[in-house]
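One structure is given here, and the rest of the page talks about it.
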Amino acid sequence: MIETKLHDDVLELVMNDPPVNALGASVRQGLAKALAEAQGDPAVKAIVIRGGGKMFSGGADITEFGKPPVEPWLPALVDAIEASAKPVIGAIHGMALGGGLEVALGCHYRIADPEAKLGLPEVSLGILPGAGGTQRLPRLIGAEAALGMIVSGTPIPASKAAQAGLVDKLSESDDSLAAEAIAYARTLETPRRTGDRSVAADPAVFERFAADNARKIDNLDAPKACIEAVKAATELPLTEGQEKERALFMQLISGDQSRALRHVFFAERAAARIDGLPKDIRLRPIGRVGVIGAGTMGGGISMNFLSAGIPVTIVEMAQEALDRGTGVMRRNYEATATKGRLTAEQVEKAMDLLTPTLDFDALASCDLIIEAAYENMDVKKEIFARLDGIAKPGAMLASNTSYLSIDEIAAATARPQDVLGLHFFSPANVMKLVEVVRGARTAPDALATGMALARKIGKVPVVAGVCYGFIGNRMLIPRQTNANALLLEGATPEQVDRVHTAFGMPMGPFQMADLAGVDIGWHRDPSRIESLQDALCAQGRWGQKKQAGFYDYDGKRQPSPSPVVAKIIDDFRVKAGITPRDISDEEIMVRTLYTMVNEGAKILEEGIAQRASDIDVVWNYGYGWPRHKGGPMFWADTIGWDRIVDGLMRYKDRLGDDFTLSPLLMQRAAEDKPLDR
Ligand code: 3H9
């Protein structure tokens, strides 16, 4: 794990534990041993620590969390590095994250490759840097700068780290880093310990920082603890500050938020794995992508590929629609450039890769063709039958359908093995989730290519089987059915939505309906009023785009309760002979959240999702489920399956005639066992 090389009087210690040089027990033991030996070796004048492979280190080994601790602990190792009587130099390339950066902070001097990134991302795992990072970083770069890095968790480039005083020297390149570090070590006579420094700050700095970030850190334990720990660095000597840091770390790591956030980290990586497929399966080469439809979805989908440098042919039926679609794409890019996140050249480079056309036959040159047309089975079948006669052999044919059967669509072609679903979420150039839908006859290499390509364009892909709505939208169905029923029984849109936002969702079911468009799926006959949705649509209340839906909008995105909607609901109650009753928040939770968990369990038992954690990934990246609650299935696990079953049984009579309890859910409740184990 630790390779040692003596270069005359400089000892080089190389951490070698692919893929990220996580600081697991054997790396820690190896470093501690080599360091101790070097202290007593008169031949060694200075020590260089660096990482082998693609990075310095990705930090503490997260898989060890929750297991019995193995010595030496990381904080003690970092202290030992700092205590070295001989100068220690950290030589950083790739990434130095979390415990990795803390090891570098224990070093007396730091040299970095200009391409390297340094950060303390612990906060995104619901913890704080627990190996002295909250105490040493402020001592090096000042309390305010340290707060920014630790509370955001965002890594900074080496150039910025050098300006801040976190890095002492930049190397010429990655290749020359090791040699330059050794040469640099020879120029250094004495250790220079960060722990010996002190850092001062006005206490008001911390209050101001907390107030400025209140919206982001509200409800979250870790960022608040990070602020407290950095404040301690300005008030206490190193060892006392470290004690404070340790106490906060122990509190956080045993809490539900950290457990949930660590679950999300591993869930996202597990989702990339396709069960039953060899890892080395040959992927299909994708040099050009075709997109059918230049509407909101088609345009957004195209932008993902253009941004990744993959040429796109986009096809529409009328010039006007094509021009409108490409105009929107350009404006979206330009808006990003205005925010400083793209340069004007990057915008042009992306748009240059786009070939807009009315000629369907132009799709013949594409290796993957994504249909993003109107959500109607007949339309889709016609398109796929036509594609069958145009696409080159082996080209992948994908539909962006949100609900429809990929198997039925595939049957319209003579090559069902090449057909799959690529379900992007709106806005498709922003939302990270892609459900990669595996049809009954989708070829393994087509599926694997879809997954790999989605990752290449920066998405988080999850495999889903064929069913109405796949994973995410299928779970929305019981939620929305119950939310609508609750309105008729006595709840208001505000009450239902408040329960969801208080839970941590970015918006509730009715705010979401207004954003997506209340008119989605509406039959478009204003005289036919059979549901609340029909009544709203008949009055032109189509959602935010009309400034009126379940809420009034008044030119702003901020929803306000609508007396018109209250009246529509009242009229419906009278018509249906329903006397409104008081509805508790608990009933709303059970009927709109527990029912989703029940649907998730069915999705799992039917094999539509490969694993429970995939369902959590879908909800995190597609619908904004609060990460610190892990995802619907993890959350159910946390509060207890028996509680979910009890709740559903209590309200069973109100859940509609179609409601059935998932057998898997009942079994888990009886066994008191997590879903994935
Ligand atoms: C910490 O340091 C606490 C200390 O302050 C205090 C302690 C007392 N541990 O992401 P990838 C695995 S907390 C264990 O696909 P990339 C990962 O699961 C830590 N395993 O690669 C995956 O496994 P698999 C603070 C880890 O190149 C494989 O490595 N550090 C760790 O796209 C490849 O990962 C962080 O929060 C780890 N620390 O991205 C950084 N890291 O192949 C967390 C990765 O079985 N890590 N694995 O699925 C990352 O952000 C990214 O992995 C990184 C590489 C950017 C490093």
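The values are calculated or read from the model by the stated rules, or taken from the named source; none is laboratory data. As the structure is a computational prediction, the values presented were derived from the model and not from experiment. With ideal geometry, Cβ positions are generated from the backbone for all residues, glycine too; neighbour counts draw on all protein chains shown. Please note that ligands, DNA and RNA were not included when accessible areas were found on the heavy atoms of the full protein model with its side chains. Shrake-Rupley method; radii C 1.70, N 1.55, O 1.52, S 1.80 Å.
Values as computed for the structure displayed
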quantity	calculated
Yes/no for Lys54 being under 24 Å from the mean Cα position of the chain (by Cα) and either closer than 19 Å to Pro121 by Cβ or assigned by the TED database to the domain that holds Gly100 (or both)	yes
In segment 147-170, residue nearest to Gly119 (Cα to Cα) [restricted to those that are in contact (Cβ under 8 Å) with a residue 60 or more places away in the chain and in contact with a strand residue (DSSP E or B) (Cβ under 6 Å, 6 or more places away or on another chain)]	Pro155
Residue identified as open to solvent by 10 Å² or more (accessible area, probe 1.4 Å) and out of contact with any Ser or Thr (no Cβ under 8 Å at 6 or more places or on another chain) among Glu180, Glu172, Glu102	Glu172
The lone exception for Ser26 - which of (1) surrounded by fewer than 24 Cβ atoms within 10 Å (Cβ to Cβ); (2) among the hydroxyl-bearing types (Ser, Thr, Tyr); (3) in contact with a Gly (Cβ under 7 Å, 6 or more places away or on another chain) it fails	(3)
Test: Thr401 is free of Cβ contacts under 8 Å to residues at least 60 places away in the same chain and part of a loop (DSSP other than H, G, I, E, B)	yes
1 or more residues open to solvent by 80 Å² or more (accessible area, probe 1.4 Å), of a type outside the set (Val, Ile, Thr) and within 16 Å of the ligand (Cβ to nearest atom): qualifying helices (runs of 4 or more DSSP H) within segment 251-359	256-271
Members of segment 384-403 found to be buried (at least 19 other Cβ atoms within 10 Å of the Cβ) and farther than 15 Å from Val436 by Cβ, listed by number	Phe384, Leu387, Ala391, Ala395
Which listed residue is open to solvent by 10 Å² or more (accessible area, probe 1.4 Å) and closer than 28 Å to Trp635 by Cβ, from Gly540, Gly508, Gly504	Gly504
Pair list, Cβ < 8 Å and 6+ apart or interchain, from segment 643-658 residues that are open to solvent by 80 Å² or more (accessible area, probe 1.4 Å) to residues that are aromatic (Phe, Trp, Tyr)	Lys652/Phe659
Some residue of segment 515-522 being at pLDDT 95 or above, open to solvent by 10 Å² or more (accessible area, probe 1.4 Å) and of a type in the set (Phe, Trp, Tyr)	no
Set Lys545, Lys575, Lys567: member being open to solvent by 50 Å² or more (accessible area, probe 1.4 Å), over 19 Å from His500 (Cβ atoms), in contact with a Gly (Cβ under 9 Å, 6 or more places away or on another chain) and outside any loop (DSSP other than H, G, I, E, B)	Lys545
Wholly within segment 600-677, helices (runs of 4 or more DSSP H) carrying at least 2 residues that are of a type outside the set (D, E, K, R) and farther than 28 Å from Ala491 by Cα	612-623, 663-671
Some residue of segment 208-223 being among the charged types (D, E, K, R) and buried (at least 17 other Cβ atoms within 10 Å of the Cβ)	yes
Subset of segment 414-451 [open to solvent by 30 Å² or more (accessible area, probe 1.4 Å) and either of a type in the set (Lys, Arg) or part of a strand (DSSP E or B) (or both)]	Lys432, Arg438, Arg441
Hits in segment 138-151 (condition: touching a Ser or Thr at 6+ places or on another chain (Cβ under 9 Å) and closer than 13 Å to Leu97 by Cβ)	Ile150
Cross-chain or 6+ apart pairs with Cβ under 6 Å, segment 576-594 first and within 15 Å of Gly656 (Cα to Cα), then aliphatic (A, V, I, L, M) and assigned to a helix (DSSP H, G or I)	Ile588/Val496; Ile588/Val499; Thr592/Ala483; Tyr594/Ile644; Tyr594/Leu648
Residue that is within 13 Å of the ligand (Cβ to nearest atom), at negative phi and either assigned to a helix (DSSP H, G or I) or not assigned by the TED database to the domain that holds Pro19 (or both), where the choices are Leu137, Leu147	Leu137
Pairs with Cβ under 7 Å, 6+ apart, first in segment 495-516 and in a helix (DSSP H, G or I), second open to solvent by less than 60 Å² (accessible area, probe 1.4 Å) and of a type in the set (S, T, N, Q)	Val496/Thr592; Asp497/Gln511; Pro509/Gln480; Pro509/Thr592; Asp514/Gln544; Leu515/Gln544
Output for segment 42-74, where each listed residue is within 15 Å of the ligand (Cβ to nearest atom), in contact with an Asp or Glu (Cβ under 8 Å, 6 or more places away or on another chain) and over 19 Å from Ile111 (Cα atoms)	Val70, Leu74
